[in-house]
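See below for the structure under consideration.
The values are calculated or read from the model by the stated rules, or taken from the named source; none is laboratory data. Please read all numbers here as calculations on a predicted model, not as lab measurements. Every residue, glycine among them, receives a Cβ derived from its backbone with ideal geometry; neighbour counts consider all protein chains shown. Just the protein is used for accessible areas: all its heavy atoms, side chains included, with ligands, DNA and RNA removed. Shrake-Rupley method; radii C 1.70, N 1.55, O 1.52, S 1.80 Å.
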Amino acid sequence: MKHFLGALALACIGTSAGGQVGHLPKDSPYRDLETRHEFTFFGGRYDAGKDPIGIGPRDGPLFGVRYQIHVGGPAFLMARWSHVNSERAAIDPTKLEPARQLGTKKVSLNIYDVALSLNLTGQKSFHHIVPVINLGAGIGSCGCTVENDPYSFGTPFAFTFGGGLKFVPGGRFQLMVDWSNYLYQLKYPTAYYVPPTGGTPAVPGNQARSFWKNNRGLSVGASLLFFR
């Protein structure tokens with residue numbers, strides 16, 4: 001009996017001491033993320049990758065919307081629309097310099113992608129901050145057509161990846177800073193390589209007709225959180 005009482009006393013002492021280890025729930029730097037859906041409006045800046053002759057969409061203001069749904073653990077499925085108010089140089093390759101230069105034209109670039117997004121702190125925030133990374137794929141489109149210029153942007157396949165930080169103060173709203181890379185292929189038309197009578201082609205023959213380019217976007221957004 002003495003041995004039993006001694007063991008019980010030690011167990012009580014151990015339980016009491018163990019309850020003091022770590023943080024009390026109200027003092028913990030971690031907070032559970034209780035919502036399953038996020039709808040975000042974002043805006044920022046799009047920085048186009050290198051384009052030797054500038055006929056593709058250039059830098060410009062970026063804005064769009066993003067929807068995310070929790071699919072398990074730290075993972076969210078994300079669908080996003082990104083829009084860029086851009087511009088491009090237009091060329092009529094059938095004419096000689098400088099008449100072939102048609103000037104700079106305003107264009108609209110759209111990228112639609114679906115991605116897997118991961119919270120690096122799981123379904124918790126740390127001091128109200130959640131670092132995230134994402135990887136996905138989609139397509140691009142552009143209203144890039146200019147009269148007398150044979151260039152067409154088409155609907156190229158795009159890889160997307162990036163990361164960011166969420167600020168989750170509690171309640172139904174959060175803020176986010178996001179960096180994304182949009183990787184797609186740019187193609188020059190064959191007509192750019194054909195010299196006009198008495199002149200030189202718009203693009204030298206040693207320039208690749210198609211190539212992949214990285215295009216980066218930096219944005220801030222505000223999110224509505226719902227469905228616990």
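Of all residues being of a type outside the set (D, E, K, R) and surrounded by fewer than 21 Cβ atoms within 10 Å (Cβ to Cβ) in region 79-97, which is farthest from Gly140 (Cα to Cα)? Just the residue, please. Full working, then the answer.
Pass one, region 79-97, residues of a type outside the set (D, E, K, R): 79, 81-86, 89-91, 93-94, 96.
Cutting the leftovers down to surrounded by fewer than 21 Cβ atoms within 10 Å (Cβ to Cβ) gives us 79, 81, 83, 85, 89, 94, 96.
Details: Ala79: 14, Trp81: 10, His83: 10, Asn85: 14, Ala89: 19, Thr94: 28, Leu96: 32 Å.
Restricting to residues being of a type outside the set (D, E, K, R) and surrounded by fewer than 21 Cβ atoms within 10 Å (Cβ to Cβ), the top hit is Leu96.
Kindly establish whether Val194 is among the aliphatic types (A, V, I, L, M), under 30 Å from Thr94 (Cα atoms) and out of contact with any Gly (no Cβ under 9 Å at 6 or more places or on another chain).
yes
Taking only region 150-168 into account, find how many residues are open to solvent by less than 50 Å² (accessible area, probe 1.4 Å) and under 18 Å from Phe211 (Cα atoms).
We begin by selecting, within region 150-168, every residue open to solvent by less than 50 Å² (accessible area, probe 1.4 Å); these are 151, 153-154, 156, 158, 160, 162-164, 166, 168.
Narrowing further to those that are under 18 Å from Phe211 (Cα atoms): 151, 153-154, 156, 158, 160.
Matching residues across region 150-168 total 6.
I want to confirm something. Restricting to region 201-228 and keeping residues that are in contact (Cβ under 8 Å) with a residue 40 or more places away in the chain and open to solvent by 70 Å² or more (accessible area, probe 1.4 Å), which single residue is farthest from Asn148 (Cα to Cα)? Before the answer, list the steps.
Applying the first criterion (in contact (Cβ under 8 Å) with a residue 40 or more places away in the chain) to region 201-228 yields 201-203, 207, 213-228.
Add one more test, that the residue is open to solvent by 70 Å² or more (accessible area, probe 1.4 Å), and what stays is 216, 218, 220, 227-228.
Values: Arg216: 30, Leu218: 34, Val220: 38, Phe227: 52, Arg228: 55 Å.
Ranking the candidates gives Arg228 first.
Considering only residues that are of a type in the set (A, V, I, L, M, F, W, C) and either touching a His at 6+ places or on another chain (Cβ under 9 Å) or loosely packed, with under 13 Cβ neighbours inside 10 Å (or both), look in region 101-113 and name the one that is nearest to Gly140 (Cα to Cα).
First, the residues of region 101-113 that are of a type in the set (A, V, I, L, M, F, W, C): 102, 107, 109, 111.
Among the residues that remain, those that are also either touching a His at 6+ places or on another chain (Cβ under 9 Å) or loosely packed, with under 13 Cβ neighbours inside 10 Å (or both) are: 109, 111.
On the way: Leu109: 7, Ile111: 4 Å.
By that ranking, first place goes to Ile111.
Scan region 49-78 residue by residue and report those that are within 15 Å of the chain's Cα centre (by Cα), of a type outside the set (Ser, Thr, Tyr) and open to solvent by 30 Å² or more (accessible area, probe 1.4 Å).
The answer is Pro61, Phe63, Val65, Leu77.
Filter region 134-149 down to the residues that are open to solvent by 60 Å² or more (accessible area, probe 1.4 Å) and either hydroxyl-bearing (Ser, Thr, Tyr) or farther than 17 Å from Ala115 by Cβ (or both), then identify the one that is farthest from the chain's Cα centre (by Cα). Full working, then the answer.
Applying the first criterion (open to solvent by 60 Å² or more (accessible area, probe 1.4 Å)) to region 134-149 yields 135, 139, 145, 147-148.
From what's left, either hydroxyl-bearing (Ser, Thr, Tyr) or farther than 17 Å from Ala115 by Cβ (or both): 145, 147-148.
Values: Thr145: 26, Glu147: 32, Asn148: 34 Å.
Applying the filter and picking the extreme gives Asn148.
Looking only at region 118-156, count every residue that is among the charged types (D, E, K, R) and not in a strand (DSSP E or B) and tell me the total. Let's see the steps before the verdict.
Step one: list which residues in region 118-156 are among the charged types (D, E, K, R), which gives 124, 147, 149.
Narrowing the set further to residues that are not in a strand (DSSP E or B) leaves 147.
Of the residues in that region, 1 qualify.
Inside region 198-228, can you point out the residues that are outside any strand (DSSP E or B) and either closer than 21 Å to Ile53 by Cα or small (Gly, Ala, Ser) (or both)?
Start the filter on region 198-228 by keeping residues that are outside any strand (DSSP E or B), which leaves 198-209, 227-228.
Selection gives Gly198, Gly199, Thr200, Pro201, Ala202, Val203, Pro204, Gly205, Asn206, Gln207, Ala208, Arg209.
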